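The values are calculated or read from the model by the stated rules, or taken from the named source; none is laboratory data. Model, not experiment: these values are computed from the prediction. Note that each Cβ is placed from the backbone with ideal geometry, even for glycine, and that neighbours are counted across all protein chains shown.
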Amino acid sequence: MSEELRVRYLSIALEKSERLEALIDEFFEITRFNLSNITLQYSKVNLTRLLEQLTYEFRPMFLEKNLKCELEMAPDVMISCDADRIQRVFDNLLRNAVNYSFDDGTIHIAATQNENNLCIQFVNCGNTIPQEKLERIFEQFYRLDSARSSGNGGAGLGLAIAKEIVELHKGTITARSENDIIEFEVTIPFS
């Protein structure tokens with residue numbers, strides 16, 4: 001076997017093992033949510049910084065699809081939450097926005113607040129999700145397109161996990177889609 005072919009096969013094996021590791025991690029995460037009482041570790045979190053850091057970490061993925069990411073929120077928005085778990089929610093939403101965006105598009109993240117709640121929206125341009133699929137999108141193991149999702153390494157657990165985390169924070173998560181616009185909205189109470 002040539003060196004080039006050996007390197008190619010090793011690269012494929014490494015990619016498959018990394019996808020399998022991510023899948024196993026998701027299974028463990030959903031099992032924890034289903035089988036135990038999760039205790040959130042609340043702390044004051046600068047949500048602006050958290051989202052800035054997350055968008056920075058996603059830059060290589062943005063470049064692959066020639067995507068822009070716009071973050072629209074006040075500086076230093078503070079919220080009391082479990083930082084690791086909330087970051088997991090936003091990581092899942094941003095990853096989906098990248099995976100289901102049209103190339104050369106823009107992902108828009110906006111945060112607004114009133115006296116009681118913080119609302120964070122992730123909006124991207126992609127194929128409209130039919131209403132019957134939107135109604136099931138937060139179910140465990142539900143995938144919009146199994147052929148496409150498996151290529152992205154997803155098992156249909158990311159949005160189910162995100163919903164569990166948001167609800168543990170006494171918040172809500174919703175999805176809307178029409179006219180090739182996909183929007184996810186997370187609302188978290190301040191108290």
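Could you please let me know if ARG49 is within 25 Å of LEU168 (Cβ to Cβ) and basic (Lys, Arg)? Yes; evaluated as a whole, the condition is true for this residue. Residue-level check: of (1) surrounded by fewer than 18 Cβ atoms within 10 Å (Cβ to Cβ); (2) within 19 Å of ALA175 (Cβ to Cβ); (3) touching a Leu at 6+ places or on another chain (Cβ under 7 Å); (4) not hydrophobic (A, V, I, L, M, F, W, C), THR112 misses just (3). Elements of the type helices (runs of 4 or more DSSP H) sitting completely within the range 1-71 and holding at least 1 residues that are at pLDDT 80 or above and among the β-branched types (Val, Ile, Thr): these cover 3-35, 47-57.
Of all residues in the range 131-144, how many are part of a loop (DSSP other than H, G, I, E, B) and free of Cβ contacts under 8 Å to residues at least 40 places away in the same chain? Residues meeting the conditions: 8.
Quick check on the range 166-185: of everything there that is among the β-branched types (Val, Ile, Thr) and in contact with a Phe, Trp or Tyr (Cβ under 8 Å, 6 or more places away or on another chain), which residue is farthest from GLN87 (Cα to Cα)? Give the derivation first.
Step one: of the range 166-185, the residues among the β-branched types (Val, Ile, Thr) are 166, 172-174, 181-182.
Filter again for in contact with a Phe, Trp or Tyr (Cβ under 8 Å, 6 or more places away or on another chain), leaving 173-174, 182.
Details: ILE173: 14, THR174: 17, ILE182: 20 Å.
The qualifying residue farthest from GLN87 (Cα to Cα) is ILE182.
Going through ALA147, ALA155 one at a time, which residue ends up being in contact with an Asp or Glu (Cβ under 7 Å, 6 or more places away or on another chain), modelled with pLDDT under 85 and not charged (D, E, K, R)? Even if it seems obvious, please write down each step before you answer.
On the way: ALA147 fails: in contact with an Asp or Glu (Cβ under 7 Å, 6 or more places away or on another chain).
After applying the criteria, what remains is ALA155.
Test PHE190 against the stated conditions and say whether it is surrounded by fewer than 21 Cβ atoms within 10 Å (Cβ to Cβ) and at pLDDT below 90. Criteria met by PHE190. Contact annotation: residue pairs with Cβ atoms under 9 Å, 6 or more positions apart or on different chains, pairing a residue in the range 168-191 that is basic (Lys, Arg) with a partner that is surrounded by 15 or more Cβ atoms within 10 Å (Cβ to Cβ), are LYS170/ILE188; ARG176/ILE129; ARG176/LEU134; ARG176/ILE182; ARG176/GLU183; ARG176/PHE184; ARG176/GLU185. The single condition from (1) among the charged types (D, E, K, R); (2) at pLDDT below 95; (3) more than 20 Å from ILE24 (Cα to Cα) that ARG85 fails is (3). The residues in the range 66-85 that are within 17 Å of the chain's Cα centre (by Cα) and within 19 Å of GLU183 (Cβ to Cβ) can be counted, and the count is 5. When the range 87-107 is filtered for residues that are closer than 19 Å to ALA162 by Cα and either among the acidic types (Asp, Glu) or in a strand (DSSP E or B) (or both), the ones remaining, listed by number, are ASP91, ILE107.
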